[in-house]
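The values are calculated or read from the model by the stated rules, or taken from the named source; none is laboratory data. Keep in mind that what you see is a predicted model, and the values were worked out from it rather than measured. Cβ atoms come from the backbone with ideal geometry, glycine included; neighbour counts cover every protein chain shown. Ligands, DNA and RNA are stripped out before the accessible areas are found, and what is left, the full protein with its side chains, is counted by its heavy atoms. Shrake-Rupley method; radii C 1.70, N 1.55, O 1.52, S 1.80 Å.
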Amino acid sequence: MWQDLRFGARMLWKNLAFTLIAVLTLALGVGANTAIFSIVNAVLLRPLAYPESERLVEIGRAFDGGSAGALNEPKFVFLRDNAQSFDAITGIQGGSDLYLSDGSEAEYVGNLSVTADFFRTLGVAPAIGRGFTAEEDSPAGARVAILGDGLWRQRFGADAGIVGRNISLNGVAYTVVGIMPPGFEYYAPPDVIVPMRVNPASHNEGYNWTVIGRLKRGVTPDQARSEMMALIDKFNTIYPSQGSVFGKEAHRLMTWRSSMTADVQMLLWILLGAVGFVLLIACANVANLQLTRAAGRRKEVAVRLALGAGGWRVVRQLLTEGVMLALVGGGVGLLLAVWGVDGMMALVPKDMIPRAEEINVDWRVLLFALGASILTGVVSGLAPALQTLRVDVIRNLKEGAGKTSADAARRRLRGALVIVEIALALTLTVGAGLLLRTFANLRGVEKGFDARNTLTFYISPRGERYKTVAKTNDLYGHALERLRNLPGVQAAALTNQLPLNRWFNLPYMLAGQSKSSASAEYRLISNDYFNVMKMSLRRGRQFNDGDVVGAEPVIIVNEAFARRNFANVEPLGQEVYACCGERGDPAMRRVVGVVSNTKQRNLINPAPQTVFIPIGQATEGMNEQTRYASFALRAVGDPLALSAAVRSEMRQLDPAVPVQGLRSMEQLVSGSVAPQRFNMSLLGLFAALGLVLAAIGIYGVMAYGVSQRTHEIGLRMALGARKSDVMKMVVRQGMALATIGVVIGLIASYAVTRLLKTLLFGVSATDPLTFTVIALSLAVVALLACWIPARRAAKVDPMIALRCE
């Protein structure tokens, strides 16, 4: 083996051009695969960063996406107090509406509200100080907080003396009782952790509690799932009034890692499959290069065999050279992967890929790169090496031996490899084309509002100063007055949730109903909201200054709501009871207007049923719903030019309520399609890489074929063949291979693109137009790759060609 390695190294160095081309080709294939595997490894394969993380499960409602939906407080309390399959169960809420202030300046901090068993459930503990007690997790418990390591170092200079001292959160004094260890995260590293303050007697129907449990040793998820289902049924029987307002719901229990990654599993496996295609195309290209090189080494192989070497001994030598080549390419590919992962993560939309902070090159990635390199070396070198077993020793020892059966076999093999390359490239390109059409469809979809020249931001006033709805609304009123008077502002309005940003879905009932059977997006808005967003009023009126507490309760619905509920009657004057239950609004409201539909959650789903309530009629029971306000300012020119003035005005109004999320509405819309843009960009990149490699492959085969047929072409031309005849001959042979590859690729695409179905919008997974355009485009690329060698063949001088022979 040492002899093979030394000789292989000398041969690769001697043929430096061949070596560099092969190494670069393999580096692109191995590098792309290693980069994607780095993400798959961190997100889907690596255990969570908690002790015995395989025992962590999530309990929630069953949704179509595969993840577990949140529970409400009463169900959590019942499961916590009655489940026997768990060592501990915790409830968690995350947010960014908690602000830390020092009296003069405030900033929002990422926060978690957790129950007292949070640390025991996850198997972690503060690095300094302690966790929460059961008393602190009660409604009357003391205000305490635990700081994340990042905030502790940045804001408090890593001073361990902060434990036991007070900090101001939302204007309220909290005592710091602990500091989390470096590297701790829950989806992302939290800045502050506070107790949930669980109320065992709560009837709260809000489904916003993520519930995580740690299974007891020896208890399987299936056993815990059976117990949970029985407990949910028992809960619905004992407390029928505390269940969902929609009645009985399906629930699921699944591993926390599976729930966390449910939304991206399919995408990541598709991307890994796509780069696998790229690697196969690279292997085919290198195999073609090796076949070409092997043809030039026929005499060397014949000499070896004549001197007594066995056929498999020669195969081993050639395979050793192929694996050496692949290992060098794999090493370069690993370097490209490290760079590529950083580049890809810069393109990943925020919160699209969970556990993104854990993506790195670990031993699994190194092992994958090594395995991929060795496998690539064997795959790309095996066929050329096996061809040596068919060498005719006597013929190849003679000078000018001419063609052999091995030559014909090599030509057939090279042709087969080109067909495979084209088929794989076509499949990749069709997938990228479908995603491109999806992105184009999303960009052209009717949103229902005008995003141009609109600046947005949000605030979340909390604490004693804004304990009541009246005080919160007073702040909002003064803010709108100041903002309207800014130079360059045409109009200003606010809502509890902007379109395409977040959603707030609540049940509703119509007059005469005793229980809700549906839900709608719920929006509190100021009077000018429809004007600022340029939404069309279809009938009735907008809200005005007379729509305040004490006046007749009113509501405006969108067309989707009116179509579902008032299809056969006049919607104006109908009564709707929105925000059911103890969450606040007890009023039966009269419909005074119908507005156009607007996209709310995203641009893919149809505009949902939406109801609008004037913020001036928010009652004290709706306090929690008024504590988050998104402002929208219609500007004369560039809306972002108003950013500094907006911050200044809001700071003068109340420096303890910081401004968050200043961005234009167009940026918000762009962010809503960022996942589709990412999917399109990445698969498009791999498709382009595969297409280039396939074009190089067919060009290489045709160019080599022309060089081997120089004598034949010269003879044809000497006998009267025209240049056009020679070009047609070469192009016809190349396009025959391309046509077969395209047909096979179309068949493969028809099967494979069905996996993309969940990623598409406005286009079928088997869209005929996309398939046709991509097939024709690839045919044009193949034609160009054939035309260049054909043109060179047509320039052969018959006398020179015949004289050389």
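Listing for the model above:
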| item | result |
| --- | --- |
| Point-charge dipole on Cβ atoms (K/R +1, D/E -1) for the chain, about Cα centre, debye to 20 | 4120 |
| From the C-alpha gyration tensor of segment 7-80, square roots of 5λ in Å | 53, 14, 6 |
| Separation of the Glu666 and Phe156 label points, Cα + 7 Å toward Cβ, nm | 4.4 |
| Counting DSSP beta bridges with both ends in the chain, the antiparallel % (nearest 5) | 80 |
| Prolate/oblate/rounded call for segment 278-380, Cα gyration tensor, a/c under 1.5 rounded | prolate |
| Sequence-distant residues sharing a close amide H with Met254 (under 5 Å, placed H) | Glu58 |
| Gain in span if fully extended, Asn544 to Lys234, counting 0.36 nm per residue against the direct Cα distance | 106.8 nm |
| Segment 523-622 shape via C-alpha gyration tensor axes, a/c threshold 1.5 | rounded |
| Those residues of segment 604-622 whose amide nitrogen sits under 17 Å from the label point placed on Asn199, 7 Å along Cα→Cβ | 619-622 |
| Estimated FRET transfer efficiency (Arg412, Lys757; beta-carbon r; R0 51 Å; 0.05) | 0.85 |
| Surface accessible to a 1.4 Å probe, His203 within the full protein complex, Å² | 90 |
| Per-residue [θ]222 nm for the chain (sum of -39500 (n - 2.57) over DSSP H runs n ≥ 4, rounded to 500) | -16000 deg cm²/dmol |
| Contact order normalised by residue count of segment 403-542, Cα under 8 Å, 6+ apart, percent | 19 |
| Extension gain, Asp725 back to Asp797 (0.36 nm per residue minus Cα-Cα distance, nm) | 24.4 nm |
| Over the chain, relative contact order from alpha-carbon pairs under 8 Å, at least 6 apart, % | 17 |
| 3J(HN,Hα) from dihedral phi, segment 463-469, Karplus parametrisation 6.51/-1.76/1.60, rounded to Hz, x for glycine, proline | x, 5, 5, 10, 6, 10, 5 |
| Over 30 Å (Cα to Cα) - which of Lys234/Lys515; Lys515/Lys599; Lys599/Lys757; Lys234/Lys599; Lys350/Lys447 fall in this group | Lys234/Lys599 |
| Accessible surface ranking that places the most exposed of Thr90, Thr758, Thr772 first, with a 1.4 angstrom probe | Thr758, Thr772, Thr90 |
| Solvent-accessible area, 1.4 Å probe, carbon plus sulfur percent, for the chain | 58 |
| Segment 152-198 shape via C-alpha gyration tensor axes, a/c threshold 1.5 | oblate |
| Per-selection Rg to Rh, the chain - Cα, Kirkwood hydrodynamic radius | 1.08 |
